[in-house]
Amino acid sequence: MLLLAGGRVVTPDGVLDPGWIRLAGPLIDAVGSARVPDQPTVDLRGRWVLPGFVDMHVHGGGGASFTEGTSDQARQAAAFHHGQGSTTMLASLVTAPLAELEARAGLLAGLADDGVIAGLHLEGPFLSPVRRGAQDPRHMIAPDVAVFERLRTAARGHLRLITLAPELPGALAVIRAATRAGVTVAVGHTDATADVTMAAIDAGATHATHLFNGMRPPHHREPGAVGALLDRDEVTCEVIADGVHLDDIMVRLTARAAGPGRLVLVSDAMAAAGMPDGSYQLGSQRVSVAGGVARLLEDRAAIAGSTATLADVVRHAVAAGLPVSDVAAAASTTPARVLGLADRTGALSPGLSADLVVCDDDFRPRAVMRHGEWLTAAPSRAP
């Protein structure tokens, strides 16, 4: 067994300061404060310890992508995010021709088979061209149950999340089919009204893809999808708190409205995350990154994903004024629950996977552990 002690340990019940975590191989054996058990110890020296981040929405990073390229390049993207603290993630695909989506789903299913990723997220092709953002409108199609089943089959049981626009014809049928199949349905890239969104929630949609972004702006007489999604207690709401996609006031307002049990922090990272400015690709779309902001080359008004990691988003959310415990819940515990993984990861609790991030006072990751193995240089042992 290994003991990590002397840190500020963020648990579902609050911050243990000082706290300790005892590990038994790949699992957390015990968590506590007060007297430290007598055994070999790693001294955390007052650093923060957060549960490993669970990123439900990530397209790539470290110069590699899930949306195009080889299996090895997809593994490179996953390894980059693992090393930045996202110990669990979905590989998110963007709108593309159906045959290409099937091929990508099959390729990424291999990574899920190997435990590299937790599954797949289809962000398309059932999206609204009116709110397309950086998605390619040439390949958007109306929701179709047969198409959904083809994509689900290609993913070999690893499709966990699908984003769609509920105002499109056929959307409710796909929502019901996905729900029956155990796939979480998210509302996103949508021009839906509040009433249409409410009907989608009644049909089984339970998640919001990057709230506000890719949605009609809420109005006091027509709150749209944003208002409906925030209003329903069964819906979890993603936000990209990177300082680019949302003003910090909107992040704080959403956090208050949703509460720590419904807020989900995501990166929406693409290949340029962790890389210098330059030219990149997001599916079929060419992207230019300048000043750390990714935009479509052909439409500079369209933000094309994020260059942030989820660790960057966590740090920004804390700086924006969200309590550390709420941020940990939004970056780890709540997304793990949404994905049906709460019995495996998402919190620093006995019996769960030893997935954790050791951060300095500025919430920059200094060490990352996944399944009980250090992915980065481990903190030094106490003398």
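The values are calculated or read from the model by the stated rules, or taken from the named source; none is laboratory data. Quick caveat: nothing in here was measured; it's all calculated off a predicted structure. Methodologically, a virtual Cβ is constructed for each residue, glycine included, from the backbone with ideal geometry; neighbour enumeration extends over all protein chains shown. Accessible surface areas use protein heavy atoms only, side chains included; no ligands, DNA or RNA. Shrake-Rupley method; radii C 1.70, N 1.55, O 1.52, S 1.80 Å.
Restrict the search to the range 256-300; then list the trypsin sites (Lys or Arg not before Pro) that DSSP places in a loop and that have at most 16 other Cβ atoms within 10 Å of their Cβ.
Answer by residue number: Arg300.
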To the nearest 10 degrees, the tilt of helix 71-83 (Cα long axis) against the first principal axis of the alpha carbons of the chain is 50
Can you give me the % of accessible surface on the range 242-336 that is carbon or sulfur? Probe 1.4 Å, all protein chains present, nothing else counted. 55
Starting from a Cα-only point model with no solvent, please compute log10 I(q)/I(0) by Debye for the chain at q = 0.12, 0.14 1/Å. -0.85, -1.14
For helix 310-319, what angle does its Cα long axis make with the longest principal axis of the chain, in degrees from 0 to 90 and rounded to 10? 80
Pop a pseudo-label 7 angstrom from the Cα along the beta-carbon direction at both Leu27 and Glu234 and give the gap in nm to one decimal. 3.3
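Quick check: at a probe of 1.4 Å, how many percent of the accessible area of the range 27-121 sits on carbon and sulfur atoms? Mind dumping the intermediate values first?
Values: 1510 of 3020 Å².
Solvent-exposed carbon and sulfur of the range 27-121 make up 50 percent of the total.
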What is the extension gain from Ala181 to Ser284, computed as 0.36 nm multiplied by their sequence separation minus the C-alpha to C-alpha distance, in nm to one decimal? 34.2 nm
Which value at 222 nm does the chain reach when only helices count, each DSSP H run of 4 or more adding -39,500 (n - 2.57), with the total divided by all residues and rounded to the nearest 500 deg cm²/dmol? -7500 deg cm²/dmol
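For a protection proxy built on the mean count of beta-carbon atoms within 10 angstrom, sort 20-33, 270-283 highest first, please. It would help to have the intermediate numbers written out before the result.
Numbers: 20-33: 17.6, 270-283: 20.6.
Going by the mean number of other Cβ atoms within 10 Å, highest first, we get 270-283, 20-33.
To one decimal place, what orientation-averaged projected area in nm² is obtained for the convex hull of the Cα set of the range 271-337? Mind dumping the intermediate values first?
Numbers: hull surface 22.3 nm².
So the Cα hull casts an average projection of 5.6 nm².
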Report the normalised scattering of the range 319-359 as log10 I(q)/I(0) at q = 0.31, 0.35 Å⁻¹, calculated by the Debye formula with identical scatterers on the alpha carbons. -1.09, -1.20
Residue-normalised value, i.e. accessible area per residue, for the range 277-383 at 1.4 Å probe, in Å², stands at 41
Using Cα atoms only, what is the angle between the long axis of helix 171-180 and the major principal axis of the chain, expressed in degrees (0 to 90) to the nearest 10? 40
Given the C-alpha centroids of the range 238-254 and the range 340-378, what is the distance between them in whole angstrom? 25
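Counting Lys and Arg as +1 and Asp and Glu as -1, what is the net charge of the other residues whose Cβ lies under 14 Å from the Cβ of Pro223?
So the environment of Pro223 carries a net charge of -1.
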To the nearest 0.05, the calculated FRET efficiency linking Arg300 and Asp247 through their beta-carbon distance, R0 being 25 Å, is 0.80
Here FRET efficiency (C-beta to C-beta, Val36 to Asp114, R₀ 56 Å, nearest 0.05) is 0.95
Output the relative contact order of the range 300-383, whole-number percent, from Cα pairs under 8 angstrom with separation of 6+ residues. 17
Taking the Cα centre of the chain as the origin, how large is its charge dipole in debye, to the nearest 20, when only Lys and Arg (+1) and Asp and Glu (-1) carry charge on their Cβ atoms? 260
Residue (of Gly106, Thr88, Gly60) at the positive-pole extreme of the range 52-150, dipole from beta-carbon charges: Gly60
Most fluctuating residue of Pro137, Pro125, Pro37 in a GNM of the chain with Cα springs under 10 Å: which is it? Pro37
Listed residues Val244, Val183, Val358; largest mean-square fluctuation, Gaussian network over the chain with Cα springs below 10 Å, found at Val244
Once neighbouring chains are kept in place and the probe is 1.4 Å, which whole percent of the accessible area of the range 152-217 is contributed by carbon and sulfur? 52
Choose one answer from Ala64, Ala329, Ala34: the residue with the largest mean-square fluctuation in a GNM of the chain with alpha-carbon springs under 10 Å. Ala34
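Could you provide, to the nearest whole Å², the per residue accessible area of the range 60-135 with probe 1.4 Å?
Values: 2090 Å² over 76 residues.
For the range 60-135, the solvent-accessible area averages 27 Å² per residue.
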With viscosity set to 0.692 mPa s at 37 °C, what whole-number translational diffusion coefficient in µm²/s follows for the range 268-383 from Stokes-Einstein and a Kirkwood radius over Cα pairs? 201
Taking a crude spin-label model, label points 7 Å out from Cα along the C-beta direction, the Ala146 to Glu100 distance in nm is 2.3
